[in-house]
Amino acid sequence: MALITDFPFFLASVVLISVPLVVTPGPVFAVTIAKGYRSKAAGALIALGHGAIEFPLILLLYFGLSEFLANTIVHKVIGLVGGSIMIYIGFQTLKARKEKSEEHQNPKGGYKHSSFAAGLIATAANPYFFISWATIGAALVENAAFFGFIGLLMFAITHWSCDLLWDTFVSVTVFKSRRFWTQKVFNLVFIVCFAILVFFGLWFIVSALL
């Protein structure tokens, strides 16, 4: 990635790179839907959980962690452990299909973790989150460092804001539309969330074993 020396242009490039990564369906998207059914604030809390992993990671990359994350053994360990956790979350989410869809029943939304914890776990269990930061992310961090620590901080906030806006949009949309959900739609949505989480979990494990 070529060094961008104009700060506003750099932040604009961060948004352009971040948005496709943020809106692509994945584990965090799945848990946001599952939690959003019970609370419109779930997306913001999930983004905070995501940020609890992401902000320290950006700081560590600033100090040279990218080489550690690029290690093959590290990839395999994260893949095996993360994939197993992802499958567990998937099965916990699947339990929600058996619940009635009334607003005040089981506000935990199908598995015991809070929205903040769900965002943190779904992020920490995703090996490709770390791989993307060790490659594309590391290049962005290097460019942000050109503008000093304030530049790094603005880069981190700008990128995370994309997560916050998207996760909040998803959870609010799910929460506002849930009154139109029949039991069949309710079951289908949570089965799809289960499928997404288990698919990624198995993919992470198989990729680690290859």
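Values in this text are rule-based calculations from the coordinates and carry no lab data. These numbers come from a predicted model, not from an experiment. Note: ideal-geometry Cβ built from the backbone for every residue, glycine included; neighbour counts use all protein chains shown.
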> Percentage of Cα-Cα pair distances in the chain greater than 28 Å, rounded to whole percent?
Replying inline: 31 percent
> Counting GluC sites (Glu not before Pro) as exposed when in a DSSP loop with at most 14 other beta carbons within 10 Å, what is the longest stretch of the chain free of them?
Replying inline: 104-210
>> Let's see if you can work this out: charge +1 on each Lys and Arg Cβ, -1 on each Asp and Glu Cβ, no other charges. What is the dipole magnitude of the chain about its Cα centre, in debye to the nearest 20?
In response: 1160 debye
> How much net charge surrounds Val22 when only the other residues with a Cβ under 13 Å from the Cβ of Val22 are counted, with Lys and Arg +1 and Asp and Glu -1?
Replying inline: -3
> Fewest to most neighbouring Cβ within 10 Å: what's the order for Phe129, Phe63, Phe10?
Replying inline: Phe63, Phe10, Phe129
>> Helix check for the chain. Which DSSP H runs span at least 27 Å along their own axis by Cα, with a mean Kyte-Doolittle hydropathy no less than 1.0?
In response: 42-62, 72-94, 148-177, 183-209
> When ranked by the protection proxy of mean other Cβ atoms within 10 Å per residue, highest first, what sequence do the peptides 160-168, 12-20, 180-188 form?
Replying inline: 160-168, 12-20, 180-188
> What ³J(HN,Hα) values, in whole Hz, does the Karplus curve 6.51 cos²θ - 1.76 cosθ + 1.60 give for segment 127-132 when θ = phi - 60°, with x put for Gly and Pro?
Replying inline: x, 6, 5, 6, 5, 5
